[in-house]
Amino acid sequence: MPALPSSVLEPLWVQVAALLPNHQDHHPLGCHRPRIPDRVVFDKLIQVLVFGCGYRRIADHTCSATTLRRRRDEWISAGVAEQLRLAVLAAYDRLLGLSLEHLAVDSCTTKAPCGGQVAGPSPVDRRKQGLKRSVAVEAAGILLAAVPAPANQRDDGLLAATLDAIGVVGVLPERPVVHLDAGYDYQPCRQVLAARGMADQIATRGVPAPIQAGRRWVIERTHAWGNQYGKLRWCTERRRLVVEFWLALASAVIVCGRLLRCAWTHYRWEGRPTRRP
């Protein structure tokens, strides 16, 4: 059984196949084992993302753990995951439209038991090694940017980097409203937003959250979507580039799934699922 429904997996693979660079075989003798097909590696990496298992546990006679790591690094060097994420976002914007007048930013802390460049003592897990991802979403909760950081880094300190990461999506409307929780109720955060021409709607510290929920609840749902993937809940990667690869791949899967679900009620196409995803 595939790790993802075929209605999501196949469009992602078609786009990945178009982004992969052509492989040149320079072996002087031409007697080494044939190269494992990229489709096999892609399916294995999706299984690693969804189940969160180690490379050795997902490897079998079709593909070894060493091949998975080597091909993953090749795709990181080529920027495949980030290009895939941007392509899926562009497709969502073209078919359904991104609501960029209202944005929300928040962070989520997960486990990183192996430590690494973006891991630190978690304040919510007895100072065990943890990973924090600072996420920005639009009004419907579609993930626009995700920035990894150690778990002991403050949310407000990641606001500027997260807002700057949205720039790759495209031009924002004039003076969008950014919805933030009470963890951002500090003057430096307001200065960061003002410097970028953004309006702020920040919850006040000390006031119960339900009274001032605002329009930031969608980002909590987006965190739940991300935590469905084992590689994000329990990240054993140590290098920042690899963590960013998994974040970009997970973002592409999430947005593609939402695109398919929303487009099901608006469009008809060949191979359309008989039931709403």
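The values are calculated or read from the model by the stated rules, or taken from the named source; none is laboratory data. What you see is a predicted model; the values in this text were computed from it and never measured. Don't worry about glycine lacking a Cβ; one is built from the backbone with ideal geometry, like all the others, and counts go over all protein chains shown. Side chains are part of the model used for accessible areas, which takes the heavy atoms of the whole protein and leaves out ligands, DNA and RNA. Shrake-Rupley method; radii C 1.70, N 1.55, O 1.52, S 1.80 Å.
Structure above, values below:
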{"read-out": "Of VAL168, PRO5, ALA149, farthest towards positive along the dipole that unit charges on Lys, Arg, Asp, Glu beta carbons give the chain", "value": "PRO5"}
{"read-out": "Region 64-120 shape via C-alpha gyration tensor axes, a/c threshold 1.5", "value": "oblate"}
{"read-out": "Rough spin-label spacing in nm, given labels placed 7 Å along Cα→Cβ, for ARG56 and ASN227", "value": "3.0"}
{"read-out": "TRP225 - accessible surface, heavy atoms, 1.4 Å probe, Å² rounded to 10", "value": "40"}
{"read-out": "Stokes-Einstein D in µm²/s, Kirkwood radius over Cα pairs - region 129-195 at 10 °C with 1.306 mPa s viscosity", "value": "124"}
{"read-out": "More than 17 Å apart - percent of Cα-Cα pairs taken over region 44-142", "value": "70"}
{"read-out": "Three-way shape call for region 84-198 based on the alpha-carbon gyration tensor, with the a/c threshold at 1.5", "value": "oblate"}
{"read-out": "Rg/Rg_ref, region 176-277, where Rg_ref = 2.2 N^0.38 Å and atoms are Cα", "value": "1.43"}
{"read-out": "Computed lengthening from LEU241 to GLN24, 0.36 nm per intervening residue step minus Cα-Cα distance", "value": "75.7 nm"}
{"read-out": "Top positive-direction residue, dipole computed over the chain with Cβ charges, set LEU84, HIS26, LEU100", "value": "HIS26"}
{"read-out": "Radius, Kirkwood style, for region 1-97 when every pair of distinct Cα atoms is counted (Å)", "value": "14.9"}
{"read-out": "Simple Cβ-charge dipole of the chain, Lys/Arg +1 and Asp/Glu -1, about Cα centre, in debye nearest 20", "value": "860"}
{"read-out": "Normalised contact order of the chain, rounded percent, pairs of Cα under 8 Å and 6 or more residues apart", "value": "23"}
{"read-out": "Centroid-to-centroid separation of region 46-61 and region 139-153 [C-alpha atoms, Å]", "value": "24"}
{"read-out": "Most positive-pole-ward Cα, VAL218, TYR229, VAL255, against dipole of the chain from beta carbon charges", "value": "TYR229"}
{"read-out": "Per residue, in Å², the accessible surface of the chain once ligands and nucleic acids are set aside, probe 1.4 Å", "value": "52"}
{"read-out": "Debye intensity ratio in log₁₀ form over the Cα atoms of the chain, taken at each q of 0.07, 0.15, 0.16 Å⁻¹", "value": "-0.28, -1.18, -1.31"}
{"read-out": "Trypsin sites (Lys or Arg not before Pro) within region 68-134, DSSP loop, no more than 10 other Cβ atoms inside 10 Å", "value": "ARG126"}
